[in-house]
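Below: one structure, written as structure tokens.
What follows draws every value from the coordinates through simple rules; no lab data is involved. Just so it is clear, the structure is predicted and the values come from calculations on it, not from any experiment. Note: ideal-geometry Cβ built from the backbone for every residue, glycine included; neighbour counts use all protein chains shown.
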Ligand code: CP
């Protein structure tokens, strides 16, 4: 990367608008922040005096908590609003909610919403930096970045790797951010799932669509399974969960087709016994909890970098 690099983005809305230099810089910054979380006193003054609002209109355990942990480890003041406790339940529009939050002069708003593009819309109404914590079926950039950090940490590189992504690609904002991110960084991304859950045109994002579980997993450096998103299945897109587990579930026999040192990943939450078998989720190749640990470091880096641009 050229010396004098300056992170050019006021908002982080997707991997799509990040360059390879941006991704390198976020991952390098995250690596430098990671050791703060293992200190006896897990706090640095970097963002002291900043106000960060978590605005979550969909459930979350990992993303919301790790953004809050990340902000607190950097001494920012954090506040949480969820859909069920906000005045949107009384009919207030998202734009009015955004304007009222903006009137309290926050520095950064972290938003999760079921509508693709909701955080992008927010940027038109408020001055604060906006970070997308997952919008509909569009993107989940912090997940994509923490996935890349985890693979880089274990493999020492991202270029030239085969990343197999299995499952519900259609509804997965994680898959979209991972496909964009890993291909930008030189990995080959191969996807497989029920044909009803593979969106038309996914190859235009850079992914190769495989026609069998063995094809997608053979020789893979990473086997990533995705959650079946029960909340986004409007139609019956596969016969049953039992049938899904039988045909698409990742078992130890499936993982044995990958490289001997392949990593098993899942963004969480896991439907154990459906898309991923418990012995694989908890097995020696699983780096699922490393993903969660790295999520804090990546989100510290994202907050730090957007705050530099507010
Ligand atoms: N991976 C992920 O986004 O998990 P949460 O829904 O718990 O935030």
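Between residue 218 and residue 48, the distance separating the two model label sites (each 7 Å from Cα on the Cα→Cβ line) works out to 5.9 nm. Once the Cα atoms are used to define both axes, helix 288-307 deviates from the longest principal axis of the chain by about 30 degrees.
Cα convex hull of the stretch 141-287: mean projected area in nm², to one decimal?
On the way: hull surface 31.0 nm².
Average projection, Cα convex hull of the stretch 141-287: 7.7 nm².
To the nearest 0.05, how large is the calculated FRET efficiency for residue 41 and residue 127 if R₀ is 22 Å and r is the Cβ-Cβ distance?
Details: r = 33 Å, r/R0 = 1.50.
Efficiency, rounded to the nearest 0.05: 0.10.
Sorted from largest to smallest, which semi-axis lengths in Å does the alpha carbon gyration tensor of the stretch 1-84 give for its equivalent ellipsoid, taking the root of 5 times each eigenvalue?
On the way: eigenvalues 114, 73, 30 Å².
Ellipsoid half-lengths, sorted descending, are 24, 19, 12 Å.
Quick check on the stretch 40-146: what are the equivalent-ellipsoid semi-axes from the Cα gyration tensor, as sqrt(5λ), descending, whole Å? Don't skip to the end; give the middle numbers.
Values: eigenvalues 100, 54, 32 Å².
Semi-axes from the Cα gyration tensor: 22, 16, 13 Å.
By how many nm would the segment from residue 96 to residue 80 lengthen if fully extended, with 0.36 nm per residue of separation less the alpha-carbon distance?
Details: separation 16, 0.36 × 16 = 5.76 nm, distance 1.74 nm.
The residue 96-residue 80 span can extend by a further 4.0 nm.
Taking the chain as a Gaussian network of alpha-carbon nodes connected by springs under 10 Å, the highest mean-square fluctuation of the residues 196, 293, 89 belongs to 89.
What is the ratio of the Cα radius of gyration of the stretch 48-94 to 2.2 N^0.38 Å, with N the residue count, to two decimals?
Working: Rg = 12.0 Å, N = 47, 2.2 N^0.38 = 9.5 Å.
Here the Cα radius of gyration is 1.26 times the empirical estimate.
Dividing the Cα radius of gyration of the chain by 2.2 N^0.38 Å, with N the residue count, gives 0.98.
Distance from the Cα centroid of the stretch 155-172 to that of the stretch 18-43 is 22 Å (rounded to whole angstrom).
Mean residue ellipticity, 222 nm, helices only, the chain: the sum of -39500 (n - 2.57) across DSSP H runs of n ≥ 4, divided by residue count and rounded to 500, is -10500 deg cm²/dmol. Could you tell me how many degrees, from 0 to 90 and to the nearest 10, lie between the Cα long axis of helix 173-184 and the main elongation axis, the longest principal axis, of the Cα atoms of the chain? Helix 173-184 sits at roughly 80 degrees to that axis.
Sorting 13-20, 45-52 by average packing, meaning the other beta carbons within 10 Å per residue, from highest down gives 13-20, 45-52.
To the nearest 10 degrees, how steep is helix 141-155 against the longest Cα principal axis of the chain, on a 0 to 90 scale? Approximately 60 degrees, to the nearest ten.
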